[in-house]
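Right, one structure below, let's go through it.
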Amino acid sequence: GFSVGPEGLTVSAPKWVPLYEVEAALQKKAGWIVRKLAEARERQQHTDAARIDWKDGASFPFLGEPVIVVLDPRHGFDGIGAVLNTDAQALAGVARLTLHVGLTQQATPQQIRDTVQAWLMRQATRLFTERLDHFAPQLGVRWRRLCLSSASTRWGTAHADGTIRLNWRLIHFRLPVIDYVVAHELSHLRVMDHSPRFWETLGTVVPDYAQLRAHLKADPLPPWS
């Protein structure tokens with residue numbers, strides 16, 4: 001077996017397989033291996049480029065737009081930790097969106113990251129609820145409970161009892177991509193598999209779901225671990 005990841009190529013074989021057969025298999029799969037190694041390297045480069053240095057002036061994506069972190073200890077922001085400023089002149093035209101965080105310049109990277117993450121999760125709860133309420137009547141379904149997840153490989157799940165679980169990190173993407181995932185999970189309340197009927201159901205509310213699905217897979221997100 002061959003597997004390719006950020007660390008490189010891993011080859012596994014039973015102990016009884018002679019080395020020359022392993023080498024022959026490597027030669028046979030050389031083209032596939034080289035292609036997959038290049039893809040893995042490119043993915044890692046995208047991930048590294050998206051990594052955030054948590055300090056005053058750090059940038060992170062919110063609804064598809066960059067937001068600049070501004071450490072602003074003058075306010076407690078009524079106990080909510082941070083406030084979004086949409087003033088175009090907030091940083092002399094550098095960014096349209098700035099997030100003013102109630103921390104001092106001595107705050108640690110972890111404190112800044114955790115405060116921003118808490119703010120993002122509040123925005124995710126608010127927006128996801130709004131979008132669920134928007135699409136549910138169109139699909140003729142009723143959702144009962146929203147849960148935020150931090151899953152590393154799954155953007156959402158739907159349960160027959162009406163519980164919808166959505167990854168809070170979707171809040172990084174622009175609204176049409178979020179709408180695709182929300183409508184996708186709500187569509188499962190009508191069709192619990194990925195049969196043609198499911199995609200037809202989803203297409204009634206999100207006709208361009210294929211393109212949005214591709215964006216979801218292609219756009220790199222900042223690692224939070």
Among the residues of the stretch 142-157, the number that are in contact with an Asp or Glu (Cβ under 8 Å, 6 or more places away or on another chain) and closer than 15 Å to VAL206 by Cβ is 1
Those residues of the stretch 7-31 which are within 28 Å of GLU42 (Cβ to Cβ), surrounded by 11 or more Cβ atoms within 10 Å (Cβ to Cβ) and either touching a Lys or Arg at 6+ places or on another chain (Cβ under 7 Å) or hydrophobic (A, V, I, L, M, F, W, C) (or both) amount to LEU9, VAL11, ALA13, VAL22, ALA25, LEU26
In the stretch 202-222, anything part of a helix (DSSP H, G or I) and either open to solvent by 100 Å² or more (accessible area, probe 1.4 Å) or out of contact with any Leu (no Cβ under 7 Å at 6 or more places or on another chain) (or both) is listed as LEU202, GLY203, ALA210, GLN211, LEU212, ARG213, ALA214, HIS215, LEU216, LYS217, ALA218
Scanning the stretch 179-201 residue by residue, those of a type outside the set (Asp, Glu) and within 19 Å of GLU130 (Cβ to Cβ) turn out to be TYR180, VAL181, VAL182, ALA183, HIS184, LEU186, SER187, LEU189
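Every residue, every condition in (1) open to solvent by 80 Å² or more (accessible area, probe 1.4 Å); (2) touching a residue at least 12 places away in the same chain (Cβ under 8 Å); (3) assigned to a helix (DSSP H, G or I), yes or no:
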| position | (1), (2), (3) |
| --- | --- |
| THR115 | no, yes, yes |
| MET121 | no, yes, yes |
| ALA124 | no, yes, yes |
| PHE128 | no, yes, yes |
| TRP143 | no, yes, no |
| ALA160 | yes, yes, no |
| ARG165 | yes, yes, no |
| LEU170 | no, yes, yes |
Among the residues of the stretch 96-113, the number that are part of a helix (DSSP H, G or I) and open to solvent by 40 Å² or more (accessible area, probe 1.4 Å) is 4
Based on what the data block shows, is VAL4 at pLDDT below 90 and surrounded by 17 or more Cβ atoms within 10 Å (Cβ to Cβ)? yes
Going through the stretch 147-158 in order, the residues found to be part of a strand (DSSP E or B) and under 18 Å from PHE60 (Cβ atoms) are LEU148
- Of the residues that make up the stretch 187-197, is at least one surrounded by fewer than 21 Cβ atoms within 10 Å (Cβ to Cβ) and in a helix (DSSP H, G or I)? yes
Picked from the stretch 7-49 (must be of a type in the set (Ser, Thr, Tyr) and either in a helix (DSSP H, G or I) or in contact with an Asp or Glu (Cβ under 6 Å, 6 or more places away or on another chain) (or both)), the residue modelled with the lowest pLDDT is THR47
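The values are calculated or read from the model by the stated rules, or taken from the named source; none is laboratory data. Note that the structure is a prediction, hence the values are computed from the model and not measured. Ideal geometry is used to build each Cβ from the backbone, glycine not excepted, and the neighbour counts take in all protein chains shown. Remember, those area values only see protein heavy atoms, side chains included, never the ligands or the DNA or RNA. Shrake-Rupley method; radii C 1.70, N 1.55, O 1.52, S 1.80 Å.
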